[in-house]
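Asks: First, the structure itself, so that you have it in front of you.
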Amino acid sequence: MQTGTHKITLYDIVSTGLMAAVVFVVTMFLSIRIPTPTGTTMIKLANAFVLLCGLLLGPVRGGLAAGLGSMFFDLMTPEYVPEAWITFIRFFLMAWLCGVIAHWAGARAKRFGRNAAAALIAAVFSTVFYMFQNIAALMIGGSAFAPAFAANIPKLLASGPNTVIAVVVSLALLPALQKAMQATSFGRHLQEAQHKN
């Protein structure tokens, strides 16, 4: 299959599907749900795997994997179904941004400083997106900005630990996962395909 000048390969499909499944499973089973006045929020490990999608697969594959895995979780959770499309956009952009920075100018996610910056910027972006999303939802429902912001402070407080967990865990796991990928023919083919595009 061809999209513009980029050929979609089996490696693209399998790697994207595999990482989407990982994001879905980690979101489903490795999270702590916290009720707040404006809905449930979570302390979760999944954001680390969203960052790993961008670091391991690059911006487009990683973005699709992160967005799809997160969206499917929402679609399986009745409370979150109405915002599944927003979830796809948020986590696609989070992994995409991380991948763009980490892979920029041939870095190939091999430079720790660049990877740390990519993970931190992407995680903070996701937190800001999440806050604006929740504030906007209340304002569309008729709330003024100040009460909408105040109502979302509990969610903002949960976002701090999520940011720290995401950055630390993704950077800790990345070298071992890169090494494991390089040790398989599938991983080597995938990396070669990434750097040709």
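The values are calculated or read from the model by the stated rules, or taken from the named source; none is laboratory data. Values in this document were obtained by computation on a predicted structure and should not be read as measured data. Virtual Cβ from ideal backbone geometry, glycine too; neighbours counted across all protein chains shown. Heads up: the accessible areas ignore ligands, DNA and RNA and are worked out on the full protein's heavy atoms, side chains in. Shrake-Rupley method; radii C 1.70, N 1.55, O 1.52, S 1.80 Å.
Asks: Quick one: in segment 11-44, of everything that is of a type in the set (D, E, K, R) and under 30 Å from PRO147 (Cα atoms), which residue is modelled with the lowest pLDDT?
Replies: So the first thing to find is which residues in segment 11-44 are of a type in the set (D, E, K, R), and the list is 12, 33, 44.
If we keep only those that are under 30 Å from PRO147 (Cα atoms) as well, we get 33, 44.
Details: ARG33: 70, LYS44: 79.
In this case the residue turns out to be ARG33.
Asks: Please give the number of the condition THR87 fails out of (1) open to solvent by 20 Å² or more (accessible area, probe 1.4 Å); (2) in contact with a helix residue (DSSP H, G or I) (Cβ under 9 Å, 6 or more places away or on another chain); (3) touching a residue at least 12 places away in the same chain (Cβ under 8 Å); (4) within 22 Å of THR27 (Cβ to Cβ).
Replies: (1)
Asks: Mind listing whichever residues of segment 19-31 are farther than 12 Å from LYS44 by Cα and either free of Cβ contacts under 8 Å to residues at least 24 places away in the same chain or open to solvent by less than 20 Å² (accessible area, probe 1.4 Å) (or both)?
Replies: Of everything in segment 19-31, just one residue is farther than 12 Å from LYS44 by Cα and either free of Cβ contacts under 8 Å to residues at least 24 places away in the same chain or open to solvent by less than 20 Å² (accessible area, probe 1.4 Å) (or both), namely ALA20.
Asks: Looking at segment 68-90, is at least one residue of a type in the set (A, V, I, L, M, F, W, C) and within 15 Å of ALA166 (Cα to Cα)? Give the steps one after another, and end with the answer.
Replies: Here is the first cut: in segment 68-90, the ones of a type in the set (A, V, I, L, M, F, W, C) are 68, 71-73, 75-76, 81, 84-86, 88-89.
Narrowing the set further to residues that are within 15 Å of ALA166 (Cα to Cα) leaves none.
No; the residues of segment 68-90 include none that is of a type in the set (A, V, I, L, M, F, W, C) and within 15 Å of ALA166 (Cα to Cα).
Asks: Something else now. Taking segment 81-133 as the region of interest, how many residues are acidic (Asp, Glu) and under 12 Å from the mean Cα position of the chain (by Cα)? Break it down into steps so the answer makes sense when it comes.
Replies: If we filter segment 81-133 for residues that are acidic (Asp, Glu), which is where we start, we get 83.
With under 12 Å from the mean Cα position of the chain (by Cα) added as a condition, the list becomes none.
Counting residues in segment 81-133 that are acidic (Asp, Glu) and under 12 Å from the mean Cα position of the chain (by Cα) gives 0.
Asks: Give me the pairs, please: first residue somewhere in segment 150-161 and among the aliphatic types (A, V, I, L, M) and open to solvent by less than 60 Å² (accessible area, probe 1.4 Å), second residue anywhere and part of a helix (DSSP H, G or I) and modelled with pLDDT of 75 or more, beta-carbon distance under 9 Å, and either six or more positions apart or on two chains.
Replies: Listed by first residue and then by second, the contacts come to ALA151/ASN134; ALA151/ILE135; ALA151/LEU138.
Asks: Here is a list of conditions, (1) surrounded by 22 or more Cβ atoms within 10 Å (Cβ to Cβ); (2) at pLDDT 95 or above; (3) over 9 Å from the mean Cα position of the chain (by Cα), and LEU57 meets all of them except one; can you say which number that is?
Replies: (2)
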